[in-house]
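Each reported figure results from applying straightforward, stated rules to the coordinates on display, with no laboratory input. For clarity, every value in this text was computed on a predicted model and none was experimentally measured. All Cβ positions, even for glycine, are placed from backbone atoms using ideal geometry, and neighbour counts span all protein chains on display.
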Amino acid sequence: MEHLIAEMKPLSPVLIVFTGALAALLAGVFSKKENSYALPYIGITTVAFAFVALLNYWGRGMIWLLQGAIRIDSFGLYISAIILIACLITFLASIGYAKRLGFEHGEYISLLLFASGGMMLLAMSADLVTLFLSLEIMSISIYALAGMARHRQKCNEAALKYFILGAFSTAFLLFGIALIYGATASTKIHAIAQVQGLKPLLVAGLGMLIVGFGFKVGAAPFHVWVPDAYEGAPATVTGFMAVAVKAAGFAALLRVILIAFPGTWAEYWWPVFWAVALLTMFLGNIIAVFQKNVKRMLAYSGIAHTGYILIGLVSLGIAGSEPYIPGMKALMNPIAGGMLFYLLAYTFMTLGAFAVISLAARDEDDLETLDDFSGLSQRKPVVALAMAVFLISMAGVPPFGGFIAKFYVFKGAIDVQGMLLASGVKEYHALALAILGIITSMFSVYYYLRVVWFMYFREPLEDRPSVAPSWGLHFVIFASSVAIVVLGILPSGFFSVASRGAEALVR
C-alpha cells in the first residue's frame, strides 16, 4: 500500500482535481438550492491545491508511472498549468453567470473538473491506451457542458452536434491506435519510435491519428463542429472549450507525432500538416470576415489560430527531417517553445473575450451580435477597453501578447528556412508558409477591428436592461487584460518557461 501511494504521489495534481470533482458533485446533491452560490468556490479551491501540487514537481526531471503509461515531465506540467488556469478563470467567470442561465448546479462544477483532470492526464500520457481513455474523460465531460443550459435550444443543438461529430472522430482515433498496435505490437509511444521501416499499417494508423487529433484541435477540414458548438454553448463553457480542449489536443498531438514518429518519419508527415495549416488559416480567416455573430466569429478565429500554431509543428517537422544540417537541432527547442507560448497567450485572449461576451445583453442572452456591442464604450467603457485589448492582441498587433506569440511562430519557420538555404537546400516551404501566415493574419485585422468600431463608433440601438456582473467576472476581465499586456511587454521570462516545457519533446 505504501509503495502504491509513493508511486501515485507524482500524479497528485490530477488526483486532486478528480477528488474535487467528486466533492462538488456530492455537495450539489446534498446542499440546499439557496447555498448553490458556494459551489464555484469548491472548484476554485480544488484548482488552487492542484496548482500548488503541480509546481512542486516542476523541474524534477522525468518521472514514469504505471509501467510507463504516464510520464510526468516539463511538457505535461506546462500544459496542465494552462488547463488549470483556464479552469480557474472559468470558475471565476461563472460566479453569477451560471445562476443567471440556470445551471448553478454541482454537476457543472464537477464536469469542469472532470474535463480538466482528463486533459491533464492526456498531456501526461505516454501510452496510446491511456491517451485514449484520457481523451474520452475529457470529451464526454465537454459534450455535457456544451448542453448545460438545457432550456436553450441552441445549447441542446450544440451539444448534440458536438457529440455526434466527436464520436465520429473518436472512431478514427481508436482505429488508428489499433492499426499502430498491429504494426508495432506496442501502444507505448516511445516503443513505436523504435520500429524500423515504413509499414503500411503504421502509415495508415498515423493517418487515422492525424484525423482524430485534427478534430480535437479544430483544424480544417475537421473543424465543422467548432462554429455551432461555440455559438450554442454558454459563453463561459465556450471559452473553456476554445482554450483547454485546444491545449490538450495539441499536447497529445505533439507528444505522439514528435516522439513516436521522429527523424525520417518527419519528411512524410510535415507536408500533410503544411497543407492542413494553410487550409486552416485561410478558411478560418476568410469565413470569419462574413460573421455577424461575435461568438461564431471567434470560433472561426480560433480555427485560424490553430493554423498559426501548426506552422510551428511544420517547422519542427522540417527541422527534424534534416538532422545533419549544423544548428538545425538547436532550433527545435525555441520553435516548440514558441508554440507553447502561443497557447498561453491564446488562453488569456480568448477567455477574456468570452468573459466580456458573458455580460448579459438582455435577460439570459449573451453579448453575441455586432449590434449587441454597439455603443459598449458608452455603457461600459472599461469593459469595452478590455475587449479592444483582447481583439487587437488576437489580430497580432503590438505591444500585446498575441503579437509576440505570432512573432515566435513565424520566426521559427523563417529560421528553419535560413538554415536550409545556408546548407544549400533550395526548398522554400517553411518561408512560404510563414509568408502566407502573415498574409492571412492581415485578414483578421478587419473582423477584429470591426467589433472595436461597433463598440466605439456606433450608438446603442436600444436601451438594454443591465445585469450587474459578479466580482469574479470583473476580476477575469481585468486579470486577462493585464496578462496580455505583460506577455507583450515582458515576454522573455514566459518564453523561457515555455522553452523549458518543450525540452521534454525535442531532446
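Computed quantities for the displayed model
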quantity: Karplus-derived HN-Hα couplings along the range 122-133 (A = 6.51, B = -1.76, C = 1.60, θ = phi - 60°), whole Hz, x at Gly and Pro; calculated: 4, 5, 9, 6, 10, 9, 5, 5, 4, 4, 5, 4
quantity: Translational diffusion coefficient (Stokes-Einstein; Kirkwood radius from C-alpha pairs) of the chain at 4 °C, 1.567 mPa s, in µm²/s; calculated: 57
quantity: Total charge dipole magnitude, the chain, about the Cα centre, Cβ charges on Lys, Arg, Asp, Glu only, Debye to nearest 20; calculated: 280
quantity: Computed helical MRE - 222 nm, the chain, DSSP H runs ≥ 4 contributing -39500 (n - 2.57), nearest 500; calculated: -24000 deg cm²/dmol
quantity: Computed Rg/Rh of the range 262-507, alpha carbon atoms with Kirkwood Rh; calculated: 1.04
quantity: More than 19 Å apart - percent of Cα-Cα pairs taken over the range 163-236; calculated: 43
quantity: Pairwise centroid distance, computed over Cα atoms, of the range 11-82 with the range 296-314, Å; calculated: 28
quantity: Charge dipole of the range 126-195 about the Cα centre (unit charges at C-beta), most positive-ward option of LEU174, SER186, MET148; calculated: MET148
quantity: Rel. contact order, % - alpha carbon contacts under 8 angstrom, at least six apart, the chain; calculated: 16
quantity: Phi to ³J(HN,Hα) by Karplus 6.51 cos²θ - 1.76 cosθ + 1.60 over the range 87-101, Hz, x for Gly, Pro; calculated: 5, 4, 4, 5, 4, 5, 5, 7, 5, x, 5, 4, 5, 5, 9
